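Here's a structure for you.
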Protein chains: 2
Amino acid sequence: MAKGNPPPLTPAAFQVLLALARGRAHGYRIMGFVSEITDGSVQLGPGTLYRTLARLAADGLVEEAPDMSEDEPHDARRRYYQLTGLGRQVAAREARLLERLTAAAADAGLLSRQEKSA
Amino acid sequence: MAKGNPPPLTPAAFQVLLALARGRAHGYRIMGFVSEITDGSVQLGPGTLYRTLARLAADGLVEEAPDMSEDEPHDARRRYYQLTGLGRQVAAREARLLERLTAAAADAGLLSRQEKSA
DNA sequence: TCAGATATATCCATCCCGGATACAACGAGA
DNA sequence: TCTCGTTGTATCCGGGATGGATATATCTGA
């Protein structure tokens, strides 16, 4: 099932969606999330981040959220973003693809045996 | 651990490595493998495939294998490829990254609840 | 021998990435 | 309140990857 290929998703775009799946956040924090999630092996530069955010917003996958930070002091520069319903669906679909690729990798013996790290 | 970011790997490059992790194969078959593994949601075009193979070979991640097809009739057009030791290491490292991203997605509730497919 | 499928390879326009740069707004301290 | 270093957003540019179209050669079957 699911043979169709609706709208493709670049790696950077998925990582941004994944960071926002935890909850609303502003750009600079998203960079930190991605670096944290990937244990530092993926680090988005500002160019990639803000361009990706703009594209995701234009495609209706994320939307700007009206500040509303309760614990943080409020900073007029920050722009908060959150997933839309569509954004969550697309992120979920991509996550299932990664899950499948990971399973295939395990199947091929790439994960079970300890491959020496380069 | 593993904070360094040695050589990055494009999605197409990883999918080719993953297909070859199952065993040696020729280009056209790799396309089929990738489509099969991803349930048709990822389909490499010939341009991407052969350019990616050439780059992976130049980087020492894959190498050409001397035909040696036992069950198949032999076809002079085909060029077989297989993973090198380095290629397997790099593929394994990327697989672990995908595993981590998948876990993060599950953590954010993208996999547990059934998100309606778009 | 001829037609169609298989298989590899290259070309080209488009898109994406990462780093550099610029600029605005915040907080701390004198 | 003035200044300074930091935080945060945004744009620009060069290098590289993508994918679709095209070209060409080889295999198979009629």
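The values are calculated or read from the model by the stated rules, or taken from the named source; none is laboratory data. Here the structure is a predicted model, which means the values were calculated and not measured. Here the Cβ positions follow ideal geometry from the backbone for every residue, glycine too, while neighbour counts run over all protein chains shown.
Quick check on this structure: which one of A:Ala58, A:Ala103 is surrounded by 13 or more Cβ atoms within 10 Å (Cβ to Cβ) and either in contact with a strand residue (DSSP E or B) (Cβ under 6 Å, 6 or more places away or on another chain) or at negative phi (or both)?
That would be A:Ala103, the only listed residue that is surrounded by 13 or more Cβ atoms within 10 Å (Cβ to Cβ) and either in contact with a strand residue (DSSP E or B) (Cβ under 6 Å, 6 or more places away or on another chain) or at negative phi (or both).
Residue by residue through segment A:80-98, note down the ones that are assigned to a helix (DSSP H, G or I) and among the aliphatic types (A, V, I, L, M).
A:Leu86, A:Val90, A:Ala91, A:Ala92, A:Ala95, A:Leu97, A:Leu98, listed by residue number.
I'm trying to understand the selection: among the residues of segment B:51-68, which are outside any loop (DSSP other than H, G, I, E, B) and either at the interface with chain A (Cβ under 9 Å from one of its Cβ atoms) or over 25 Å from A:Thr102 (Cβ atoms) (or both)?
Within segment B:51-68, B:Arg51, B:Ala54, B:Ala57, B:Ala58, B:Glu63, B:Glu64, B:Ala65 qualify.
Given the conditions (1) more than 10 Å from DNA strand D (Cβ to nearest atom); (2) assigned to a helix (DSSP H, G or I); (3) touching a helix residue (DSSP H, G or I) at 6+ places or on another chain (Cβ under 6 Å), which single one is not true for A:Thr48?
(1)
Any chance segment B:29-42 includes a residue that's within 14 Å of DNA strand D (Cβ to nearest atom), modelled with pLDDT under 95 and surrounded by fewer than 13 Cβ atoms within 10 Å (Cβ to Cβ)?
Scanning segment B:29-42, I find no residue that is within 14 Å of DNA strand D (Cβ to nearest atom), modelled with pLDDT under 95 and surrounded by fewer than 13 Cβ atoms within 10 Å (Cβ to Cβ), so the answer is no.
Also, I was wondering about something else. Within the set of pairs 6 or more residues apart or between chains, which connect a residue that is more than 10 Å from chain B (Cβ to nearest Cβ) inside segment A:28-41 to a residue that is surrounded by fewer than 18 Cβ atoms within 10 Å (Cβ to Cβ) and in a helix (DSSP H, G or I) with Cβ atoms less than 8 Å apart?
A:Met31/A:Pro46
Taking the condition more than 18 Å from B:Arg22 (Cβ to Cβ), within 14 Å of another protein chain (Cβ to nearest Cβ), at pLDDT 95 or above and within 15 Å of DNA strand D (Cβ to nearest atom), does B:Thr102 pass?
no
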